[in-house]
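Report on the following structure.
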Amino acid sequence: MPRPPIKKIAPALLAVLLLVAGGLAFRHFFHRGEGGGITLYGNVDIRQIHAAFQDSGRLLSLNVQEGDAVRRGQVLAELDPVRFRDASAQARAQAAYQEQVLARLLAGSRPEEIREARAEVAAAKASLDNAVITLERQTALARRNFVPKQNIDNAQAAEKTARANWERADQALQLAIQGPRKEDIAAARQALDAAKAASMLADRQLADTRLLAPEDGIVQDRILEPGDMASPQTPVVSLALDNPVWIRAYLSEKDMGRVKPGMAAWVTTDSFPGHRFEGWVGFISPTAEFTPKNVETPELRTELMYRVRVYVCNPDHRLRLGMPATVAVPLQEPAASPGDGAHSCGK
């Protein structure tokens, strides 16, 4: 029997190989588990924090090394605090000054100030009385041509000046009795509030010279070194958050109704055979995606998948970022509420 031409066999063989490879790839990517469960395949997702100061300054100290495990609230680095201490002291002094200004206005005039104002009124009244008497005398003498008319003009001017001084002293007495205006008191209150806010801001800026770890994690990189100028735009260190970690996987559209947030999950890796890590389904994307590009068989190109985030407790830091992982979701277990605190990895 004649052999079929090799040129005709090659395309058919290639198609079979592509189908087999695609099936294996899909099986590796997404697998319906036995016994009422679903098995997903994914990777440990990258979770990082780039820690930076809120203000600019010279980096005084850096207290961690790459690979160090840090706890939330631990001091990672410190800025030179001299300028911030001076600003805080200045703001506190300004607030104390404004507080005394308000207290003075609220207290009103002292009795001594009122008595002084009364004395000023009495002195001004005596000067006015004397100026009136002098004017009357000069007027009588001028009628008899004993003094020149210029004396009358001088006496009238003196009388007007004395009367104006008396009226001014009397108004000052009334103001001393009534005390400060309510508008002045309100303005002083606002000035005091502004000074207190400035003092609190200065204290906050002084406290922010200590860079604290926002979460538990592992130091990945020391980006700056002591002596460098730090700023909010320049991170000092980067932290990897690894408890819990996230597993990025994809769920088939056919199984969307079987998996819900809060369901328990178990994660295994090739690095630790026989060991299961406790986890739970934390997030299912509301938006469908096409099968990722690493699965490119014709049957799967149009398959719609939904991104799933599985949280996994990692207290011993064994799961590393980017590590391949297998996720088993037992469907027979009821889903807990995502916000009921049932899954917290001991935090």
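A short reminder: the numbers here are calculations on the coordinates, not readings from a lab. None of the values given here were measured: they were computed from a predicted structure. Methodologically, a virtual Cβ is constructed for each residue, glycine included, from the backbone with ideal geometry; neighbour enumeration extends over all protein chains shown.
Remark: segment 88-204 carries a charge dipole of roughly 200 debye about the Cα centre, counting +1 on each Lys and Arg Cβ and -1 on each Asp and Glu Cβ.
Listed by chain and number, the aspartates and glutamates whose alpha-carbon sits under 19 Å from that of residue 149, ignoring those within fewer than 8 places in the same chain, are 136, 159. Taking every alpha carbon pair in segment 174-257, what does the distance histogram look like in 10 angstrom bins from 0, in percent? Result returned by the calculation: 12, 20, 17, 16, 14, 11, 7, 2, 1.
For segment 107-157, a Kirkwood radius taken over Cα pairs fed into Stokes-Einstein (10 °C, viscosity 1.306 mPa s) yields D = 122 µm²/s. Karplus-derived 3J(HN,Hα) values for segment 39-47, using 6.51 cos²θ - 1.76 cosθ + 1.60 with θ = phi - 60°, are 10, 10, 10, x, 9, 5, 6, 7, 10 Hz; glycine and proline are entered as x.
Segment 116-200: Rg/Rh from Cα coordinates, Kirkwood Rh?
Details: Rg = 22.7 Å, Rh = 16.1 Å.
Ratio of gyration radius to Kirkwood radius: 1.41.
Listed peptides 256-267, 156-167 appear in the order 256-267, 156-167 once ranked by packing, highest mean of other Cβ atoms within 10 Å at the front.
Bridging of residue 260 to aspartates and glutamates at a Cα separation below 14 Å is possible for 333, once same-chain residues fewer than 8 apart are set aside. The packing ranking, built from the mean of other Cβ atoms within 10 Å per residue, places the peptides 270-282, 318-330 in the order 318-330, 270-282, highest first.
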